[in-house]
Amino acid sequence: MEPPPTLPEGPLHLRDKACWDVDLVVDDRWWARIDVHIGTEIDATAYRACDLYFKRYIDRRRTSGADWPKLRPYTLVYDVVDEGFDRYEASRIAAQPLALPERARQLARFLVACLRSEVGAGSRLTLHDLRAAPDPGADPVALFMTRLWDPARHPQYCLSGSDELHAMNELRAGCIRALRRELGPRFEGGVQRTPFTVREYRDIVHESVSDGSRRHFIEAVRRHPVCVTTAGPHRSNGFKFAEYVAMSRAIVAEPVDTEIPGRFTEPGNYLTFATPDACVDQVVRLLADPALRESQMRANARYFECWMQPERLARKLVDAVAERAPWSEGVAEERPLAAALRS
């Protein structure tokens, strides 16, 4: 099915649906909405019509299981593309309800991106680019590369106000400074180079813009067994968290606020922190304990294979929709929502 059209008004999440939603139709009968927006809002119209509603970020304070029985937690989300030329994406771009010159411009940019990906450049990464075997390393170095948001340019970004963005920036910067101070050569990291970061956070900015590119970041993740991440706008789990899991890294992260299906736990898959000092403590713990480090890496490799590997995830989604439709109120009571997709 084609993505729903962008709405002219209403909450940002519901105005921007075309970018974040996918509709899954099984046997031409059962319909599931897959919503990977970082906000907690649910498209109530789609929810009423669909058989299951998979959501990247579920806030049970707003959406209790009793009130939203068709709601299911989606897996960790990251950005990955097929190897070679993606004909489906090209046809999707060409079919957009945009003026011909704009469609042509987007299609040209897409073709250039595909060509760059073929020679190992650009930000379009394949599943092969995002896989790495668990390797705890004999003398590991920790990594935290991130971006900061200019509150003046993004007074309301993905439902996050400027105060929240400022607090997020300060935590990220504080963690990098603390890790540099306490770990020295056992830590590598910094923030993307932009006019805002050069002006406000000059001491932790990468030397060049290319140092903060996605491909450079993924190559750095491959070299570092222990990786750090913080929550994104609106307390979401960003792509970085999922990329760490896909690449079998040991992870130090802010507490995970949303539901994640399957067995994904602390300390089995990650360690948490709330302050820069606590971040340092958890990183040191993983650097000093090779058994814990290796155990986390292997657990994350298993989680990827079970819950994030595209073909397996697609099979789980199709099976879940076929099994649970048509929807009945009694199904919600059979097992906990966090385990609704667990096989």
Residue that is in a loop (DSSP other than H, G, I, E, B) and not acidic (Asp, Glu), where the choices are ARG124, ARG48, ARG92, ARG103 = ARG124
task = Scan the stretch 138-147 for residues that are at pLDDT 95 or above, part of a loop (DSSP other than H, G, I, E, B) and within 17 Å of the chain's Cα centre (by Cα) and jot them down.
result = none
inquiry  = Kindly evaluate ASP203 against the criterion of being surrounded by 15 or more Cβ atoms within 10 Å (Cβ to Cβ), more than 18 Å from ASP277 (Cα to Cα) and acidic (Asp, Glu).
reply    = no
message = Considering only the stretch 91-103, I want to know if a residue exists there that is out of contact with any Asp or Glu (no Cβ under 8 Å at 6 or more places or on another chain), under 30 Å from ALA301 (Cβ atoms) and either among the β-branched types (Val, Ile, Thr) or at pLDDT below 85 (or both).
response = no
query = Could you say whether any residue in the stretch 317-333 is closer than 30 Å to PRO136 by Cβ and either of a type in the set (Gly, Ala, Ser) or at pLDDT 50 or above (or both)?
reply = no
Selected residue [surrounded by 16 or more Cβ atoms within 10 Å (Cβ to Cβ) and out of contact with any strand residue (DSSP E or B) (no Cβ under 8 Å at 6 or more places or on another chain)] from LEU130, LEU100 = LEU130
key: From the options ALA178, ALA253, residue that is within 24 Å of ARG302 (Cβ to Cβ), assigned by TED's automatic domain parsing to the domain that holds ARG293 and either among the polar types (S, T, N, Q) or at pLDDT 95 or above (or both)   = ALA253
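Scan the stretch 216-242 residue by residue and report those that are over 26 Å from TYR57 (Cα atoms), surrounded by fewer than 22 Cβ atoms within 10 Å (Cβ to Cβ) and of a type outside the set (Asp, Glu). Before the answer, list the steps.
Of all residues in the stretch 216-242, those over 26 Å from TYR57 (Cα atoms) come to 216, 219-220, 222-225.
Next cut, surrounded by fewer than 22 Cβ atoms within 10 Å (Cβ to Cβ) only: 216, 219-220, 222-223.
Of everything in the stretch 216-242, those that are over 26 Å from TYR57 (Cα atoms), surrounded by fewer than 22 Cβ atoms within 10 Å (Cβ to Cβ) and of a type outside the set (Asp, Glu) turn out to be HIS216, ALA220, ARG222, ARG223.
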task = Under 7 Å between Cβ atoms, at least 6 apart or on separate chains: pull out the pairs that start in the stretch 134-157 with a residue that is closer than 14 Å to LEU287 by Cα and end on any residue that is of a type in the set (Phe, Trp, Tyr) and modelled with pLDDT of 95 or more.
result = VAL141/PHE187; ALA142/PHE187
task = Select from the stretch 255-281 the residues that are among the acidic types (Asp, Glu), without any contact (Cβ under 8 Å) to a residue 60 or more places away in the chain and under 15 Å from CYS175 (Cβ atoms) and list them in ascending order.
result = ASP281
query = In the stretch 107-122, which residue that is modelled with pLDDT of 80 or more and exposed (fewer than 14 other Cβ atoms within 10 Å of the Cβ) is farthest from ARG214 (Cα to Cα)?
reply = ALA108
key: Residue tally, condition of a type in the set (Gly, Ala, Ser) and within 23 Å of the chain's Cα centre (by Cα), over the stretch 279-307   = 3
Residue in the stretch 186-193 that is farther than 13 Å from ASP150 by Cβ, touching a residue at least 60 places away in the same chain (Cβ under 8 Å) and either charged (D, E, K, R) or part of a helix (DSSP H, G or I) (or both) present = yes
Number of the exception - ILE251 against (1) within 26 Å of LEU125 (Cα to Cα); (2) among the hydrophobic types (A, V, I, L, M, F, W, C); (3) part of a helix (DSSP H, G or I) = (3)
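The values are calculated or read from the model by the stated rules, or taken from the named source; none is laboratory data. In this text, all values refer to a predicted model and were calculated from it rather than measured experimentally. Positions of Cβ are generated from backbone atoms using ideal geometry, with glycine treated the same way; all protein chains shown enter the neighbour counts.
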